[in-house]
Amino acid sequence: MTAKLLDGNVLGQKLRANFKQRAEELALLGTRPGLAVILVGEDPASQVYVRNKVNACAQAGFHSEKHAYPAEVDPATVFAKIAELNSDPKIHGILVQLPLPKHFDSDAVLDAIAPEKDVDGFRAENVGALMQGQPCFIPCTPYGAMKFFEDAGIAVKGKEAVVVGRSNIVGKPMAMLLMHAGATVTVCHSQTRDLKGHCLRADILVAAIGKPKMITADMVKPGAVVIDVGINRLPDGKLCGDVDFEAVKEVASYITPVPGGVGPMTITMLLGNTLESAERAARA
Ligand code: GUN
């Protein structure tokens with residue numbers, strides 16, 4: 001079997017066209033969706049992600065601003081900027097790119113963002129609301145992954161889903177979304193015994209580990225839907241996911257490529273969350 005590709009660039013463009021149109025409609029009423037991105041330090045991957053987020057805003061007709069600080073900045077400076085952005089009516093979403101340098105308390109920084117502008121959905125209130133099934137902002141990466149199922153008509157209800165990785169950014173919210181959609185969810189992580197045994201039971205397998213090509217073809221049930229959240233750089237400079245794409249695509253029914261799968265969908269859903277926030281603000 002050769003799996004069908006779940007193409008994040010194609011689906012992302014489709015959704016972004018809708019977001020752009022809604023942004024234009026909102027602009028006629030006097031509100032332009034606005035995103036502020038805070039970047040601390042010189043991590044090359046974070047710089048690329050932030051650039052992509054800012055460019056995506058421009059293409060969708062959103063206002064965006066980037067606030068970049070050197071790694072050794074006093075956290076008080078960043079807290080002061082967040083406070084300013086919290087009360088800035090031009091800004092509907094505030095995103096602090098993670099990871100932050102070690103001298104930052106990341107939870108405290110995220111908690112400083114006004115809940116109604118937390119477009120990453122990382123604040124405790126938003127995490128709790130998601131857990132209760134009443135989400136305000138859904139974290140962008142798992143949100144983007146769920147859009148693939150919806151768009152391709154892949155049923156989630158009643159399926160066995162296995163999420164490999166238990167991070168706050170991906171693994172935990174992904175498991176929650178799959179559970180709310182009716183899947184029976186198993187979360188595997190670094191302490192899991194018999195990872196292969198768990199993975200082989202998965203109708204839907206989500207890899208969010210951060211280890212190149214760790215999910216091999218012998219770990220995938222024939223016909224499974226495979227979502228690869230990993231973005232790893234190989235010694236030759238090429239990007240690859242957490243899934244051994246070439247081999248697994250011969251076993252799976254659907255698979256996301258890296259690059260061009262979940263990555264563009266993360267940015268798309270960031271635009272979606274920022275737009276929703278602006279629409280809420282305009283209605284208020
Ligand atoms: N670092 C890696 N992924 C993300 C994300 O989705 N949001 C933020 N803010 N930082 C990240």
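Taken together, the values in this text are just the output of simple stated rules run on the coordinates, not laboratory data. Predicted, not measured: the structure shown is a model, and the values here were computed from it. Cβ coordinates were reconstructed from backbone atoms using ideal geometry, including for glycine residues, and neighbour counts include every protein chain displayed.
Worth a mention:
- Straightening the chain between residue 73 and residue 124 buys 15.8 nm, computed as 0.36 nm per residue apart minus the Cα-Cα spacing.
- Here the Karplus curve 6.51 cos²θ - 1.76 cosθ + 1.60, taken at θ = phi - 60°, turns the phi angles of region 20-32 into couplings of 5, 5, 5, 5, 5, 5, 5, 4, 5, 8, x, 10, 10 Hz, with x standing for Gly and Pro.
- Normalising the average separation of contacting C-alpha pairs (under 8 angstrom, six or more residues apart) by the number of residues puts the relative contact order of region 152-284 at 19 percent.
- Principal semi-axes of the equivalent ellipsoid, √(5λ) from the alpha carbon gyration tensor of region 1-148, are 26, 20, 17 Å from largest down.
- Of 14/159; 66/238; 159/238, those spanning more than 32 Å from alpha-carbon to alpha-carbon: 159/238
- Within the chain: Cβ-based charge dipole about Cα centre, in debye rounded to nearest 20 (Lys, Arg +1; Asp, Glu -1): 520 debye
- Residue-by-residue Karplus 3J(HN,Hα) for region 10-19, coefficients 6.51, -1.76, 1.60, Hz, glycine and proline x: 5, 5, x, 5, 4, 5, 5, 4, 5, 5
- Per-residue Karplus couplings for region 193-201, computed as 6.51 cos²θ - 1.76 cosθ + 1.60 with θ equal to phi - 60°, are listed in order as 8, 6, 4, 4, x, 5, 4, 5, 8 Hz, Gly and Pro entered as x.
- Helix 262-283 axis versus longest C-alpha principal axis of the chain: approximately 40°, rounded to the nearest ten.
- Per-residue Cβ neighbour rank within 10 angstrom, fewest leading, 162, 96: 96, 162
- Cα centroid separation - region 161-234 against region 121-149, whole Å: 18 Å
- A cut-off of 5 Å between modelled amide H atoms, ignoring neighbours fewer than 5 places along the same chain, links residue 4 with 254, 255.
- Building the convex hull from the alpha-carbon atoms of region 95-252 and averaging its projection over directions returns 10.4 nm².
- The ranking of 26, 234, 5 from fewest to most other beta carbons within 10 Å of each one's beta carbon is 234, 5, 26.
- Estimated 222 nm signal from helices in the chain, with DSSP H stretches of n ≥ 4 weighted -39500 (n - 2.57), rounded to 500: -13000 deg cm²/dmol
- Going from the fewest other Cβ atoms within 10 Å to the most, the residues 91, 255 appear in the order 91, 255.
- The GluC sites (Glu not before Pro) found in region 24-103 that occupy coil by DSSP, while having at most 15 further C-beta atoms within 10 Å, are 42, 72.
- Trypsin sites (Lys or Arg not before Pro), loop per DSSP, at most 16 other Cβ atoms within 10 Å - longest free stretch of the chain: 1-89
- Against the main long axis of the alpha-carbon atoms of the chain, helix 171-180 sits at an angle near 80°.
- Around the amide H of residue 215, modelled in the peptide plane, lie the amide H atoms of 243, 244, all under 5 Å away and 5 or more residues distant in sequence or on another chain.
- Helix 75-86 and the longest principal axis of the C-alpha atoms of the chain enclose an angle of approximately 80°.
- For residue 249, distant residues with modelled amide H under 5 Å away: none
- When the chain is treated as a GNM with alpha-carbon contacts under 10 Å, the residue of 39, 29, 15 showing the greatest mean-square fluctuation is 29.
- Within the listed set 27, 114, 252, the Gaussian network model of the chain (springs between alpha-carbon atoms below 10 Å) gives the highest mean-square fluctuation for 27.
- Å³ per residue enclosed by the Cα convex hull of the chain: 129 Å³
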